[in-house]
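The values are calculated or read from the model by the stated rules, or taken from the named source; none is laboratory data. Since the structure is predicted, the reported quantities are computational estimates derived from the model, not experimental observations. Note: ideal-geometry Cβ built from the backbone for every residue, glycine included; neighbour counts use all protein chains shown. For accessibility, only protein heavy atoms count, side chains too; no ligands or nucleic acids. Shrake-Rupley method; radii C 1.70, N 1.55, O 1.52, S 1.80 Å.
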Amino acid sequence: MRRATTVLLAAVALTGLAAAGLLAAGCSSDTAGVPDDAVATVGDVTVTQSDFRQLLKQAETQMKAAGMTVPEKGSDDYDRYVAQIVQYLVQEQVVTQSAADLGVEVTEKDVDEQIKELEDAYGGEDKVVTLLKEQGMTMELLRRSIRGQTLSQRAVAVVTKEATVSDEAVKAYWDAHKSQYQKDKKADTLAEARETIEQTLLAAEQQRIWNAWLDERVKELGVAYAEGYDP
């Protein structure tokens, strides 16, 4: 049930959408050839304004449901909000178009199994649908979210499989942060802190490799943003 709960929470939150794919920083590009009804193009594929508005509405519904204030249109916070959604949609296409080369896929059976986990955890399809409505989502959007997250996770695993952390890097990190570890009573020795440090450094190395791969794929595929949507 814990895994299923995590899947649902990730699926109904924009931050979950982003985190699932280790969003990289936006890459600049020109606006040439972007259709009027699009926010971006990735290769020959159009990222539509309809998709963008759907995710924007979903995210705003979630914020209101959580008692948060939706950023005012035109504000810096709103612009960052828009950029995050556009980045997600662009990365979704980059991963989708790269999946075959990476040897990864997500089948309908994969999605069905995760949906079944959610229904079992929350007491049936009706209860899941009710929760989704509260979050501004539909079952169709949930399926898309699960498919996209799972594909991204599998792509990340392939792209970053060679990521490693050296003993020298762990020692250097400990030397730089030892006083804070001891002050916070997290660890008194390197041996006690090693596992945590290795996880921290490995995550950073995986992020670096993933970002570099995304940047390269963006250049190879060609990404263009509509005016006002460039992250």
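For the chain, modelled as a GNM with alpha-carbon contacts under 10 angstrom, which of G74, G43, G33 fluctuates the most?
Between G74, G43, G33, it is G74 that shows the largest mean-square fluctuation.
Show that you can apply the helix-only estimate: for the chain, add -39,500 (n - 2.57) for every DSSP H stretch of four or more residues, divide by all residues, and state [θ] at 222 nm to the nearest 500.
Counting only the DSSP helices, I get -22500 deg cm²/dmol.
For K133, list the aspartates and glutamates whose Cα falls under 19 Å from its own Cα; do not include residues on the same chain fewer than 8 positions away.
Of all the aspartates and glutamates, those that pass the test against K133 - Cα under 19 Å, at least 8 places apart if same chain - are D51, E60, E117, E119, D120, E125.
Pairs K57/K219; K57/K116; K73/K183: which are spaced more than 32 Å apart, C-alpha to C-alpha? Mind showing how you got there, number by number?
On the way: K57/K219 30 Å; K57/K116 26 Å; K73/K183 43 Å.
Those over the limit are K73/K183.
What is the spread of the Cα atoms of segment 50-178 along each of their three principal axes, largest first, in whole Å?
Ordered largest first, segment 50-178 gives principal extents of 52, 42, 31 Å.
Give the carbon-plus-sulfur fraction of the accessible surface of segment 88-176 in %, rounded to a whole number; probe 1.4 Å, heavy atoms of protein chains only.
Reported share for carbon and sulfur atoms: 48 percent.
Would you pull out the residues with amide H under 5 Å of T48's amide H, same chain only if 5 or more places away, H placed 1.01 Å from N?
Excluding prolines and chain starts, which carry no amide H, the hits are V39.
Can you work out the accessible area per residue across the chain, with the rest of the protein chains kept in place, probe 1.4 Å, in square angstrom?
Ligands and nucleic acids excluded, the figure is 57 Å² per residue.
Which residue, V94, V70, V47, tops the fluctuation ranking in a GNM of the chain built on C-alpha contacts under 10 Å?
V70
Which value, in Å² and to the nearest 10, is the accessible area of D167 when all protein chains are kept and the probe is 1.4 Å?
Taking all protein chains as shown, D167 has close to 100 Å².
Can you return the aspartates and glutamates within cross-link range of K64? Criterion is Cα-Cα under 15 Å, with same-chain partners fewer than 8 residues away left out.
Answer for K64, where 15 Å is the Cα cut-off: E72, E134, listed by chain and number.
Under 13 Å from the Cα of K171, which aspartates and glutamates turn up, not counting those fewer than eight places away in the same chain?
E192, E195, E198
Label-point separation (nm) for K185 and A169, each offset 7 Å from Cα along Cα-to-Cβ?
Output for this residue pair reads 3.2 nm.
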